[in-house]
Amino acid sequence: MGTNIAVVGLPKFLLFLVYVRYAYNENSEDFAVKMSAPQPEEELENLTALAVVNDSNSAEKPNLKGDWLNFFLLLLLYTMQGIPCGLALAMPIILQSNKDVSYKDQALFSFVEWPYCLKPAWGPLVDALYVQKMGRRKSWLIPAQCSIGACFIYMAGNINKWLPETGRPDILILVSVFFFMKTLAATQDIVVDSWALTMLKKNNVGYASTCNASGLVIGMMISYVCSILLTSEDFSNKYLRFSPDVGGVITMKSLFYVLGILFILISTLIAIFKKEKEYRLKDDHVKLNIVQNYLLLWDILKLPSIQILALTLLTAKIGYAATDSVSILKLIDAGVPKENIMVINSTMLVVQMILPLIVAKKTSGPKPMNVFLTATPIRLLWNISFLVFIYYTPTLIRINGFVSIPIYYYALLVFILSIHDIVTNIMAVSTLSFFSRISDSRFGGTHMSLLGTLLNLGGAWSSSVAIGMVDFLTFKRCSLDHHNSCSTENLKNMCKTIGGDCVVIVNGYYVETAVCTIIGIIWFCIFRKILKNFQTKGRSYWLVDIKRPRK
């Protein structure tokens with residue numbers, strides 16, 4: 001009889017020890033309170049399941065030995081994602097060089113960034129629907145990347161019509177096509193983010209943010225250089241040719257054809273040679289259908305911790321919205337050649353590509369948001385340097401009414417952009433590393449897409465508002481008629497008719513930069529302690545309790 005009691009009591013005792021460890025790790029201050037209340041057997045089993053998830057991400061030191069191939073594959077996948085993203089970022093610069101494009105057109109084109117804000121709409125589908133023989137993640141990755149390749153090939157046949165060398169571009173069609181391509185890229189992002197949680201070893205998950213940041217920058221650099229510099233006649237004649245010729249060394253049409261073929265070829269090779277881990281053999285595996293995945297998304301959103309984090313992410317980028325979205329466009333308006341700006345930007349991308357590898361040890365550690373919080377005040381104060389630099393740009397680059405840009409001007413521009421890009425990149429890597437640590441690897445497509453969407457949505461809405469408000473906050477007056485505000489096309493034409501010019505009285509960019517900086521400082525004061533406190537919480541603080549079937 002005593003032996004039977006001992007055998008039955010041993011599992012109870014083990015469950016009790018697991019619960020003690022879970023309760024203590026979650027919040028040591030509440031330990032005594034939790035232990036004072038009796039816990040039913042079912043709850044102990046659920047806590048055991050949570051403990052399994054929590055322990056699988058223990059504080060073992062990162063070590064890429066045996067994970068290098070997976071590391072480089074993730075780097076390649078994020079690079080492929082960066083190519084369409086980089087093209088979408090380069091297009092506003094191409095459009096701004098066309099004098100028929102207004103800031104309202106630019107605000108409309110900024111909506112191509114919104115698919116990254118809508119990922120939760122189909123993120124649960126990525127977790128729930130797949131072909132078992134093909135692989136849970138490859139079932140979505142291969143079709144998405146091949147579709148991006150097909151989209152490039154389709155764009156190659158029509159880009160000259162949509163984006164003519166002279167005349168007004170077809171903004172609506174460009175927005176539609178890029179929106180569709182960014183939707184495919186967002187789907188690829190969901191898949192790769194979730195696959196990274198299981199492709200890498202548990203102690204190396206923090207390196208996923210390094211692959212993300214470096215890979216995206218490599219892809220963007222490729223698309224930046226090819227779409228703007230190599231297609232530019234001025235740049236090609238000045239730097240790449242021995243004798244002047246018409247057009248760039250490549251055309252947008254040939255570029256899109258090459259990218260389309262490469263996307264399809266690389267995706268085919270991944271489909272054939274890369275094998276996925278059998279996720280169903282894991283101890284913490286839970287199979288959810290489509291409805292359950294969407295309910296899981298709702299349950300995650302109901303967590304108080306996620307709601308506070310959502311508010312933090314949705315407002316985090318207000319402080320630098322004007323600087324990030326409008327500064328380069330203002331430089332082009334002032335007369336700085338877009339080709340020169342892109343040469344500088346391409347150099348900055350090289351720095352951004354290498355930087356995540358340098359700071360990987362800091363950002364892959366247990367408290368990556370400390371790095372984020374250290375960088376935030378620097379980035380906010382750096383807004384002032386942009387404001388002053390752009391204010392004096394017309395004076396610095398014009399001599400007797402003609403544009404003549406001195407070398408020291410470019411040196412100042414490189415310095416300002418370097419500090420900005422380095423700080424921005426460090427903050428992005430830190431945030432993504434934090435996401436990787438708190439996400440549930442069992443439902444990576446749902447969890448990571450939600451967190452990434454909140455971050456992207458915070459940037460997208462603030463960017464769209466910042467671009468759209470420039471004209472609204474800018475006040476002009478006719479030089480020969482002080483009662484003419486030049487606020488409409490008719491008033492502008494009336495001013496020109498009498499031989500006057502519409503002179504800017506208040507520049508909306510300066511107003512926006514000042515307001516955004518003040519809001520950013522207030523944001524930092526409010527959310528600094530909140531973000532520090534988030535890092536002290538165990539992973540169970542961020543996870544939904546999913547009841548596992550009894551074995």
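Out of I250, S232, F273, whose Cα points farthest toward the positive end of the dipole of the stretch 229-279 (charges: +1 Lys, Arg; -1 Asp, Glu; placed on Cβ)?
Selected residue: F273.
Express the Stokes-Einstein translational diffusion coefficient of the stretch 475-547 in µm² s⁻¹, to the nearest whole number, given a Kirkwood radius over alpha-carbon pairs, 20 °C and a viscosity of 1.002 mPa s.
D = 128 µm²/s.
For the stretch 89-173, what is one quarter of the convex hull surface built on the Cα atoms, given in nm²?
About 6.9 nm², averaged over all directions.
What Kirkwood Rh does the stretch 389-500 have if only Cα atoms enter the pairwise 1/r average? Answer in Å.
19.1
I'd like the accessible area for K476: 1.4 Å probe, protein heavy atoms, all chains in place, Å² to the nearest 10.
Here the residue's solvent-accessible area equals roughly 70 Å².
Nearest 20 debye, what's the magnitude of the dipole of the stretch 149-282 about its Cα centre given +1 on Lys and Arg Cβ and -1 on Asp and Glu Cβ?
600
Just grab the label-to-label distance for W68 and S254, each label 7 Å out from Cα along the Cβ direction, in nm (one decimal).
3.7
When the Karplus curve 6.51 cos²θ - 1.76 cosθ + 1.60 is applied with θ = phi - 60°, which whole-Hz ³J(HN,Hα) does each residue of the stretch 158-167 get, with x for Gly and Pro?
10, 5, 5, 7, 6, 10, x, 5, 10, x
Can you list the HN-Hα couplings for the stretch 493-500, worked out from phi with the Karplus curve (6.51, -1.76, 1.60; θ = phi - 60°), rounded to whole Hz and with x for Gly and Pro?
5, 4, 5, 5, 4, 8, x, x
Given 0.36 nm per residue, what is the gain on full extension from T347 to N160 after removing their alpha carbon distance, in nm?
So the chain would gain 64.5 nm between T347 and N160.
Please find the FRET efficiency linking I332 to E276, where r is the Cβ-Cβ separation and R0 is fixed at 56 Å, and quote it to the nearest 0.05.
0.80
In square nanometres, what is the average projected area of the Cα convex hull of the stretch 467-516?
About 3.4 nm², averaged over all directions.
In the P(r) worked out for the stretch 112-162, what percent of Cα pairs fall beyond 19 Å?
In whole percent, the share of Cα-Cα pairs in the stretch 112-162 beyond 19 Å is 46.
Residues of the stretch 68-107 with amide nitrogen under 19 Å from the 7 Å Cα-to-Cβ point of L262?
Within reach of a label on L262, which here means backbone N under 19 Å from a point 7 Å along Cα→Cβ, the stretch 68-107 contributes 72-91.
Give the value in nm², to one decimal: projected area of the alpha carbon convex hull of the stretch 392-432, averaged over all directions.
Over all viewing directions, the stretch 392-432 projects a mean Cα-hull area of 3.4 nm².
For a quick check of understanding: with a 1.4 angstrom probe and all protein chains in place, what accessible area in square angstrom does W461 have, to the nearest ten?
Rounded to the nearest 10, the figure is 90 Å².
So how much accessible area does V511 have, in Å² to the nearest 10, using a 1.4 Å probe?
Rounded to the nearest 10, the figure is 60 Å².
Using only the heavy atoms of the protein chains and a 1.4 Å probe, how would E512, E233, E113 rank by accessible area, largest first?
Largest accessible area first, the list is E233, E113, E512.
Would you mind calculating the gained length between L240 and I518 on full extension (0.36 nm times residue separation, minus the Cα-Cα distance), in nm to one decimal?
Fully extending the segment from L240 to I518 adds 95.6 nm.
So how much slack lies between I505 and T395, counting 0.36 nm per residue of separation and subtracting their Cα-Cα distance, in nm?
37.9 nm
The values are calculated or read from the model by the stated rules, or taken from the named source; none is laboratory data. Predicted, not measured: the structure shown is a model, and the values here were computed from it. Virtual Cβ from ideal backbone geometry, glycine too; neighbours counted across all protein chains shown. The area values use the complete protein model at the heavy-atom level, side chains included, leaving out ligands, DNA and RNA. Shrake-Rupley method; radii C 1.70, N 1.55, O 1.52, S 1.80 Å.
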